[in-house]
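Chemist: If you scroll down you'll find the structure; I have some questions about it.
The values are calculated or read from the model by the stated rules, or taken from the named source; none is laboratory data. Note that the coordinates shown come from a computational prediction; the quantities given were computed from them, not determined experimentally. Cβ: placed from backbone, ideal geometry, glycine included. Neighbour counts: every protein chain shown. We work out accessible area using only protein heavy atoms, side chains counted, and drop any ligands, DNA or RNA first. Shrake-Rupley method; radii C 1.70, N 1.55, O 1.52, S 1.80 Å.
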Amino acid sequence: MNKSILFRYIRNSSLSFLVIVLIYSLISASISIETFPSKVYFLALMVLSILFFSGWIIMLPAIFRNPKELLIGIISLTVLQMLIFMTFSVAVIFYNAPTNLIVHVMLGFLALIVAQTICIKGVLKG
């Protein structure tokens, strides 16, 4: 029973992350066609990937053990991801990197939080 819920969570969260990356790639390509694969694009994707896989590190063991008691996993997931984002923002400001990078990552992070919430809600219903 837990394995089917676990695989469903992995599938749904992976698909949602791929959709977020595709939408972000399309928007970035349409905004700046001549300089599309820019440093900002790659850094934003790297930070979003770190945020996504940190979610897996926390949620997969919690779902596999007991999907009915996910409250601690959900809270620690959100806190850890917000700390990673805040650390990234401070690093961008400290190193005088382009501040539009923070906006790119923040919008992707918000979409990721919504997608994770929907996936976790699906696990709790199952």
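Chemist: Starting from the Cα of MET86, step 7 Å along the direction of its Cβ; do the same at LEU110; then give the gap between the two resulting points in nm.
Modeler: Between MET86 and LEU110, the simple spin-label model gives 1.9 nm.
Chemist: Springs between alpha-carbon pairs under 10 angstrom, Gaussian network model over the chain: which of MET59, MET106, MET46 fluctuates most?
Modeler: MET46
Chemist: So for the chain, averaging the separation of alpha carbon pairs under 8 Å that are six or more residues apart and normalising by length, what relative contact order in percent results? If you can, show how the numbers build up before the last one.
Modeler: Working: 79 pairs, mean separation 53.0, N = 126.
Contact order relative to length: 42 percent.
Chemist: Could you check how much of the accessible area of the chain is carbon and sulfur, as a whole percent, using a 1.4 Å probe? Intermediate values should be presented prior to the final figure.
Modeler: Details: 6050 of 7800 Å².
Carbon with sulfur: 78 percent of the solvent-accessible area.
Chemist: For segment 1-123, with every protein chain kept in place, what is the accessible area per residue (1.4 Å probe, Å²)?
Modeler: Working: 7530 Å² over 123 residues.
Value returned for segment 1-123: 61 Å² of accessible area per residue.
Chemist: Count of lysine pairs in the chain with Cα atoms under 23 Å apart, counting only pairs 8 or more residues apart in sequence or on different chains? Walk me through the intermediate numbers first.
Modeler: Working: LYS3/LYS68; LYS3/LYS121; LYS3/LYS125; LYS68/LYS121; LYS68/LYS125.
Value for the chain: 5.
Chemist: What is the ratio of the Cα radius of gyration of the chain to 2.2 N^0.38 Å, with N the residue count, to two decimals?
Modeler: On the way: Rg = 15.8 Å, N = 126, 2.2 N^0.38 = 13.8 Å.
The chain yields a ratio of 1.14.
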